[in-house]
Structures are given as C-alpha cells and as structure tokens.
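Visitor: Input: one structure, supplied below.
The values are calculated or read from the model by the stated rules, or taken from the named source; none is laboratory data. From a predicted model like this one, the values you see are computed outputs, not experimental measurements. Glycine also receives a Cβ, built like all others from the backbone with ideal geometry; neighbour counts cover every protein chain displayed. Side chains included, ligands, DNA and RNA excluded: accessible areas come from the protein's heavy atoms. Shrake-Rupley method; radii C 1.70, N 1.55, O 1.52, S 1.80 Å.
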Amino acid sequence: MVKILNVVGARPNFMKMAPIIAALDRRPNEVSQSLAHTGQHYDEAMSAVFFGDLGIPEPDIHLETRSGTPTRQMARMMTAFEEVLIARQPDWVVVVGDVNSTIACALVASKLNVRVAHVEAGLRSFDREMPEEINRVLTDQIADLLLTPSADADANLLREGLPIERIVRVGNVMIDTLFQQIERARSSTILDELELRRGEFAALTLHRPSNVDDPKSLSRICSAVGEIARQLPVIFPAHPRTQARMREFGVDAPAGVRVIAPLGYLDFLQLWSNARMALTDSGGLQEETTALGVPCLTLRENTERPITIEQGTNRLVGSDPARIIGAAREILSGVVPYAGRAPELWDGHAADRIVDTLIARAGGSYKSSEPCAAFAASPSRKN
Ligand code: UD1
C-alpha cells in the first residue's frame, strides 16, 4: 500500500488536485491518501466553494496559516507541516502548481527525506520577479518526481540540469477537471443572474502583483478594459488582493465593467466559456481557454505556458492599453489569428497517468535513505 499525502493551499491548486484525489480513490487496494490544506487561501469564495464544486473531500489536516506576509505565512505552514509529516510518514508528498504552499511543503518534505512529486513541473516564465517563478524553479529542483504537462516543460527541466529519469510527461491535469465539470457547469444560473447572453460579454480576471500592486499599471489596464467595455460588457470577478488595491489606490471600475465577488469553479467556468473573450493575468485560465477554444488575451509580458500561444487561443498583450484594445478589436471583428487546438495529452486522463507513476515509482531509488524514520534518528541529517 503506497501512502500518499496531497497538499493544497490556494485557489489554483484545487482544480489540479481534485482529479488526482478521484483517481487515487479508484485504486483503493494499492494506495491510501490524505489531504492537507495549508490555509493560504481561506475565504469561502477563494477556497471552500471549490471543495463543494469539485467534490474534494474535507481535508484531513488543516494547517490554518491564514494571512500575513508571505514569509510569515510560509514559516507557519512549514512548522505545522513538519509535524504532520513526522506523524504520518507518507511515501509521497504530492504538491501542485506554483503557489507559496507548493514550495513550503515541498521543502519540508525534502528536509525529512520524504519523496516529493510535483504536478505541473517545468513551467517557466523566465521572469524572476514573479513569486510563482521562484516557487516553480525551487520546487522542481528538490522534487523527486517531475510530472509535466507538455514537452516545453520537459525541455526547461533538462536545461536546468535535472535528470531525465525524474521527468514524466503526464499531460495537463487541470484539463481533466475542465472536461469532468463542463456539463455540470452548464446548469449554473450565473448568466441569467448577470443578465448575459453567450458571446456578448468579456470575462476579466486580474490579481498578479505586477499588475495590481502598482497604481500606474492598474490604472492603465482599467482604462483599456474601460475602452473595450464601450463595445461589450466586461464581467470582473475580482480577487481579494485586487479589490483591496483598487480601494487603496482610489481606482474605480470604468463604466461597463461589472466588478463582482470571486466565483466558484462551476459558475466561473460557465461564465468564461460563454464569453466572447477572456482577459486575464491568471496562468490557469490561459490553459483552460485553449482547451475550449475561447480567445484569451493575457495581460502580461510573458507566460509560463507558451504552448497556449503556439497551439491554443492565447495572445500576450501586456499592460499597454493600445495593445490590449487593438487585440480585443481584432477578436470583435472576427479576426482570430489563433491555431486553437488542444495540445497533446490534454485529454482528461492526466490524473490516471499521475497515479500510475506514483505507484510504479513508490519503491524507486530516488532517495538514498528511508523517508521519515531517518528523521527521528537524526533531525539535522540533511541541511
Ligand atoms: C496566489 C498565488 C498565485 C495564484 C493566486 C490565485 C502565490 C505566490 N501566489 O496569489 O500564483 O494565481 O493565488 O488566486 O502563492 N486573501 C484573502 N482571502 C483569501 C486569500 C487571500 O483575503 O482567501 C488576501 C490575502 O490576505 C492577501 C491577498 O489576498 O492580502 C493575496 O493572497 P496571497 O495568498 O498572498 O496570494 P495571491 O495574490 O492570492
């Protein structure tokens, strides 16, 4: 029996972990699993609603770390997670994505010689000013198993000197969730509630520090979006960070832009999949729009998901109003210069491939010593 401890912490983790938990549940004779929630995101709207929407079981472990500076929050996570690992002694810790919880828990596991599997390994924006880029690079360096979504991710890892034996391309697990939930999302009433019709509005998300923590770039983006909103309404489910910054900087939403609270998974899926276009700085939405063929304008200068541009519906437009407005006008006039096909292995079965790999490699030779038990004998053995 392979013992697996899954970790989630922030909103973009939940849709990646849900299909892995379900796939592990289908193998009860081979694996046992538990789930730890670090509490990085804690609001009903940022966390709890996703457990209901995605059928994720109540976490076995709550680390309750909540707000604070990222460093304080991560320090609390790490201290609490160390106790959990010592008590539970899993064969694998599974972390997903690139949030602060991902690196915090991966690092603790590494210190205790517990094997770490990183789902969504190898993505790189090559922008070290993004906190998530640092989280990606460091998590991949210490993970024992690098489960990648696409060939570009494999190439990034090899370029960083990671051994090929650690890399397994499994595809995009978030697309598993998308395909599993799309029918249920169709019964969401969000379009009626907001009085919207398919194809007659745009969906906006914005929360990156580089966009929202700087009053100038926040104002520039808002003015561009305001211009687009003259042609079609823009619906903006706003992240708590963004709402706080808009209040702090006195930046008002322009006419035609409707700011609403963050949505759950099903309502949000129903919203963006019916939109004429998505405007976003999120990583996940770039992939999801590619999978369903919805035009996406990414309000960043770089992306860690270049495949969504090469093969999908994504286009980088940065925060320059002229570029944003120009690209939106092209979409509105029917010029959509996108290839628009789903990349290989974005097929709804990534989680099964992940579970196969975890089982096959549980007894592998990545660690020179036994997990956890070694810690009890010598806590400072691995510095
Ligand atoms: C985090 C992730 C980012 C991800 C995003 C999606 C990191 C480094 N970043 O950014 O990759 O795309 O989540 O949502 O991990 N807050 C609340 N309620 C909550 C959660 C947060 O009010 O439930 C507040 C926090 O107190 C903080 C702000 O929102 O003031 C930002 O939260 P934080 O977890 O630091 O990072 P995100 O910006 O959400």
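Visitor: Just need a number here: residues in region 135-150 that are in contact (Cβ under 8 Å) with a residue 24 or more places away in the chain, more than 18 Å from the chain's Cα centre (by Cα) and surrounded by fewer than 18 Cβ atoms within 10 Å (Cβ to Cβ).
Guide: So the count comes out to 1.
Visitor: Residues being assigned to a loop (DSSP other than H, G, I, E, B), modelled with pLDDT of 65 or more and farther than 19 Å from ALA153 by Cβ: count how many of those fall in region 349-383.
Guide: 2
Visitor: Quick one: in region 39-50, which of the residues that are within 15 Å of the chain's Cα centre (by Cα) and without any contact (Cβ under 8 Å) to a residue 60 or more places away in the chain is most open to solvent (accessible area, probe 1.4 Å)?
Guide: Filtering region 39-50 for residues within 15 Å of the chain's Cα centre (by Cα) gives 40-41, 46-47, 50.
From what's left, without any contact (Cβ under 8 Å) to a residue 60 or more places away in the chain: 41, 47.
Values: HIS41: 37, SER47: 8 Å².
It comes out as HIS41.
Visitor: Now for a different question. When residues of region 52-75 are filtered for being more than 13 Å from the ligand (Cβ to nearest atom) and in a helix (DSSP H, G or I), how many remain?
Guide: Within region 52-75, residues that are more than 13 Å from the ligand (Cβ to nearest atom) and in a helix (DSSP H, G or I) number 4.
Visitor: Out of ALA203, ALA238, which single residue is closer than 20 Å to THR303 by Cα, among the hydrophobic types (A, V, I, L, M, F, W, C) and either open to solvent by 20 Å² or more (accessible area, probe 1.4 Å) or within 16 Å of the ligand (Cβ to nearest atom) (or both)? Working first, answer last.
Guide: Numbers: ALA238 fails: closer than 20 Å to THR303 by Cα.
Answer to the check: ALA203.
Visitor: Okay, next question. When you scan region 264-338 for strands (runs of 3 or more DSSP E) that lie fully inside it, which ones turn up with 3 or more residues that are within 16 Å of the ligand (Cβ to nearest atom) and in contact with a helix residue (DSSP H, G or I) (Cβ under 9 Å, 6 or more places away or on another chain)? Walk me through it before giving the result.
Guide: On the way: elements: 277-280, 296-298, 314-316.
Answer list for region 264-338: 277-280.
Visitor: Here's a check for you: in region 124-143, which residue that is outside any loop (DSSP other than H, G, I, E, B) and among the aliphatic types (A, V, I, L, M) is nearest to the ligand (Cβ to nearest atom)?
Guide: By that ranking, first place goes to ILE134.
Visitor: Could you give every pair whose Cβ atoms fall below 8 Å, whose first residue belongs to region 74-87 and is open to solvent by less than 70 Å² (accessible area, probe 1.4 Å), and whose second residue is of a type in the set (D, E, K, R) and modelled with pLDDT under 95, counting only separations of at least 6 or pairs across chains?
Guide: ALA80/GLU64
Visitor: Continuing with this model, one more query. Which is outside any loop (DSSP other than H, G, I, E, B) and within 15 Å of the ligand (Cβ to nearest atom), of VAL116, VAL108, VAL168, VAL95?
Guide: On the way: VAL116 fails: within 15 Å of the ligand (Cβ to nearest atom); VAL108 fails: within 15 Å of the ligand (Cβ to nearest atom); VAL168 fails: within 15 Å of the ligand (Cβ to nearest atom).
VAL95 is the lone residue from the list that is outside any loop (DSSP other than H, G, I, E, B) and within 15 Å of the ligand (Cβ to nearest atom).
Visitor: Now, a different point. Among the listed residues THR139, THR189, which satisfies the condition of being among the hydroxyl-bearing types (Ser, Thr, Tyr) and more than 24 Å from SER110 (Cα to Cα)?
Guide: One residue alone meets the criteria, THR189.
Visitor: Let me ask something else. Going through region 1-38 one residue at a time, which ones are open to solvent by 10 Å² or more (accessible area, probe 1.4 Å) and closer than 17 Å to ARG241 by Cβ?
Guide: Hits for region 1-38 are ARG11, PRO12.
Visitor: Counting only residues that are part of a loop (DSSP other than H, G, I, E, B) and polar (S, T, N, Q), which one in region 9-38 is nearest to the chain's Cα centre (by Cα)?
Guide: Looking at residues that are part of a loop (DSSP other than H, G, I, E, B) and polar (S, T, N, Q), I get THR38.
Visitor: Would region 1-12 turn up any residue that is among the charged types (D, E, K, R) and away from the ligand (no atom under 16 Å from the Cβ)? Quick ask: steps written out before the conclusion?
Guide: Restricting attention to region 1-12, the residues satisfying the condition of being among the charged types (D, E, K, R) are 3, 11.
Subset that is away from the ligand (no atom under 16 Å from the Cβ): 3.
Scanning region 1-12 turns up at least one residue that is among the charged types (D, E, K, R) and away from the ligand (no atom under 16 Å from the Cβ).
Visitor: Between a residue in region 342-357 that is farther than 18 Å from PHE14 by Cα and any residue that is buried (at least 18 other Cβ atoms within 10 Å of the Cβ), which pairs come within a Cβ distance under 6 Å, given they are 6 or more apart or on different chains?
Guide: ALA342/ALA291; PRO343/SER150; PRO343/ILE307; PRO343/GLN311; LEU345/GLY171; ARG353/VAL170; THR357/VAL168
Visitor: Regarding region 290-309, can at least one residue be identified that is among the acidic types (Asp, Glu) and surrounded by fewer than 22 Cβ atoms within 10 Å (Cβ to Cβ)?
Guide: Taking every residue of region 290-309 in turn, at least one turns out to be among the acidic types (Asp, Glu) and surrounded by fewer than 22 Cβ atoms within 10 Å (Cβ to Cβ).
Visitor: Of these, ASP252, ASP281, which one is among the acidic types (Asp, Glu) and surrounded by fewer than 22 Cβ atoms within 10 Å (Cβ to Cβ)?
Guide: Answer to the selection: ASP252.
Visitor: Can you find even one residue in region 120-132 that is at pLDDT 95 or above, aliphatic (A, V, I, L, M) and under 21 Å from LEU5 (Cβ atoms)?
Guide: Looking for residues that are at pLDDT 95 or above, aliphatic (A, V, I, L, M) and under 21 Å from LEU5 (Cβ atoms), one finds at least one in region 120-132, hence yes.
Visitor: Something else: Starting from residues that are in a loop (DSSP other than H, G, I, E, B) and in contact with a strand residue (DSSP E or B) (Cβ under 8 Å, 6 or more places away or on another chain), keep the ones in region 171-197 and report whichever is surrounded by the fewest Cβ atoms within 10 Å (Cβ to Cβ).
Guide: Looking only at region 171-197, we keep the residues that are in a loop (DSSP other than H, G, I, E, B), and these are 171-172, 186-189, 194-197.
Keeping just the survivors that are in contact with a strand residue (DSSP E or B) (Cβ under 8 Å, 6 or more places away or on another chain) gives 194, 196.
Details: LEU194: 14, LEU196: 20.
Of everything passing the filter in region 171-197, LEU194 is surrounded by the fewest Cβ atoms within 10 Å (Cβ to Cβ).
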